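Colleague: Dropping the structure in here first, questions after.
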Amino acid sequence: MPVIRSAAIGLTVAAGIASGVLMPAQASAQTASPNGVAASCSVSNALLWCGNKGNIPVYRGASASWPVSGTLLSTYSFFECYRYGDQHAGGNNIWYYTEGDRPANGYDGWGYVPAVDVYTPTDPMPGMTLCPTD
């Protein structure tokens, strides 16, 4: 559920800040987002935390031709894995799997966003795993 997801992320980040330890990263990078703001990306235990474009659709599959399963409202999110899919505006075919903040069309919000909307310095981000096939 979106409220629980947002609250859990907030509590995790707040706890990390309070303890002075955010996440040990296997891979991390700072990269500029399209608006020029530095976005921090890190992978820990194959889970990517990274800045992303906000208010974007999450698709059931790795293509914009799939139904929209949710909307990713946040601009810093987690991504569980990646998949090769349709070519997108970023010039590659990498799509990241995540949970949207707001489910849509009767789906649970889980699905894929194109790598162009995730501010990684390289795609796929080193340390991430390939999503299992359905």
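No lab work stands behind these numbers, since they all come straight from the coordinates. Remember, it's a predicted structure, so these values are computed and weren't measured experimentally.
Colleague: Counting only Cα, what are the radius of gyration and maximum Cα-Cα distance Dmax of the range 52-134, in Å?
Modeller: Rg then Dmax for the range 52-134, in Å: 11.4, 34.
Colleague: Please list the non-local residues whose amide H lies under 5 Å from the amide H of V58, H modeled 1.01 Å from N, same-chain partners needing a gap of 5 or more.
Modeller: Counting only residues 5 or more places away or on other chains, the set is S69, G70, T71, L72.
Colleague: Would you please give the residues with an amide H less than 5 Å from that of G109, counting only those at least 5 places away or on a separate chain, with H modeled from the backbone geometry?
Modeller: Under 5 Å from the amide H of G109 lie the amide H atoms of A104, each far enough along the sequence or on another chain.
Colleague: Right, something else. If I stretch the segment between A104 and A46 completely, what's the gain in nm (0.36 nm per residue apart, minus their alpha carbon distance), one decimal?
Modeller: Fully extending the segment from A104 to A46 adds 18.2 nm.
Colleague: Amide H to amide H, which residues 5 or more places from G90 or on other chains are under 5 Å from it, using H placed in the peptide plane?
Modeller: Amide H neighbours of G90: V116.
Colleague: Tell me, what ³J(HN,Hα) does each residue in the range 91-104 have, in order and in whole Hz, if you take phi through Karplus 6.51 cos²θ - 1.76 cosθ + 1.60 with θ = phi - 60° and put x for Gly and Pro?
Modeller: Whole-Hz 3J(HN,Hα) from phi for the range 91-104: x, 9, 10, 8, 10, 9, 8, 8, 10, x, 6, 10, x, 9.
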